[in-house]
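Step one of this worksheet: look at the structure below.
The values are calculated or read from the model by the stated rules, or taken from the named source; none is laboratory data. Small disclaimer: the values here were computed from a predicted structure and weren't measured. A quick note on method: Cβ atoms are made from the backbone with ideal geometry, for glycine too, and the neighbour counts reach across all protein chains shown. These area figures cover heavy atoms from the full protein model, side chains too; ligands, DNA and RNA do not enter into them. Shrake-Rupley method; radii C 1.70, N 1.55, O 1.52, S 1.80 Å.
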Amino acid sequence: MINQNKRSGAAGILIAIIAVIVIGLLMIVPTYNRLAGSNENVNQAYAQVQNVVQRRADLIPNLVNTVKGYTDHEADTLTKVTNARAGVQNATNPKELAEANDQLTRAIGDINVVVEAYPDLKADSQFVQLMDELAGSENRISTERKKYNEAVQVYNTDIRRFPTNLIAKFTGYKPAEYFKADASAQEAPKVNFGN
């Protein structure tokens with residue numbers, strides 16, 4: 001009888017342990033899956049920021065070539081633009097991308113100074129079209145940065161809430177970095193055609 005009571009007690013403890021494990025898994029698995037989905041939303045949003053910044057950078061060679069056709073001695077400005085474009089392509093995280101984008105914005109501003117010296121360039125249809133494309137790209141970049149930061153906010157809030165924060169720490173999820181532009185980048189580049 002004592003043997004049977006020991007077996008019943010051991011079976012009860014085993015069932016209780018299994019129940020705790022099952023309940024724990026039922027709580028952990030959905031939370032982990034939610035974190036994974038939220039993290040992927042952040043990654044997707046960042047990829048879209050990269051996409052629109054790259055689109056803007058891809059317009060630069062056409063702009064540089066158009067300006068080169070009118071200006072032979074503005075090599076320094078055009079070199080700055082080309083180097084800034086390379087910085088965008090080499091950025092590996094939100095901070096580097098923000099810094100590279102700021103440099104590109106300043107370089108495009110330098111082109112506007114060159115444009116003032118060449119009235120025929122301001123009237124060139126290809127140049128005007130490229131500048132319109134750049135202005136559209138600025139709007140896209142702003143929109144995608146906002147979406148990225150919203151995804152980061154949702155994700156970061158989630159990994160800081162209890163008990164999700166315990167699961168996040170155990171599974172290696174870390175806060176995502178917000179896309180922060182430099183203080184000088186708070187203004188879009190001014191496109192001035194001398195009007």
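The table below gives the values:
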read-out	value
Mean shadow area of the range 14-175 over all directions, Cα convex hull, nm²	10.8 nm²
The range 14-175, relative contact order in percent, only Cα pairs under 8 angstrom and at least six apart counted	35 percent
Restraint check, LYS95/LYS169; LYS80/LYS180; LYS147/LYS169; LYS95/LYS147, Cα-Cα greater than 19 Å	LYS95/LYS169; LYS80/LYS180; LYS147/LYS169
ASP158 accessible area, 1.4 Å probe, all protein chains in place, Å² to nearest 10	20 Å²
Förster radius 35 Å - calculated FRET efficiency between GLU150 and ASN112 (Cβ-Cβ, nearest 0.05)	0.65
Spin-label zone in the range 29-54 - amide nitrogen under 13 Å from a point set 7 Å from the Cα of PHE170 along the C-beta vector	29-33
Difference of contour (0.36 nm per residue) and Cα-Cα distance, LEU26 to GLU133	33.4 nm
Protein-only accessible surface order, largest first, of ASP102, ASP58, ASP76 at 1.4 Å	ASP76, ASP58, ASP102
Residue-level accessible surface for LEU26, protein heavy atoms, 1.4 Å, Å²	120 Å²
Additional length obtainable on full extension of the chain from THR79 to ASN33, 0.36 nm per residue less Cα span	11.8 nm
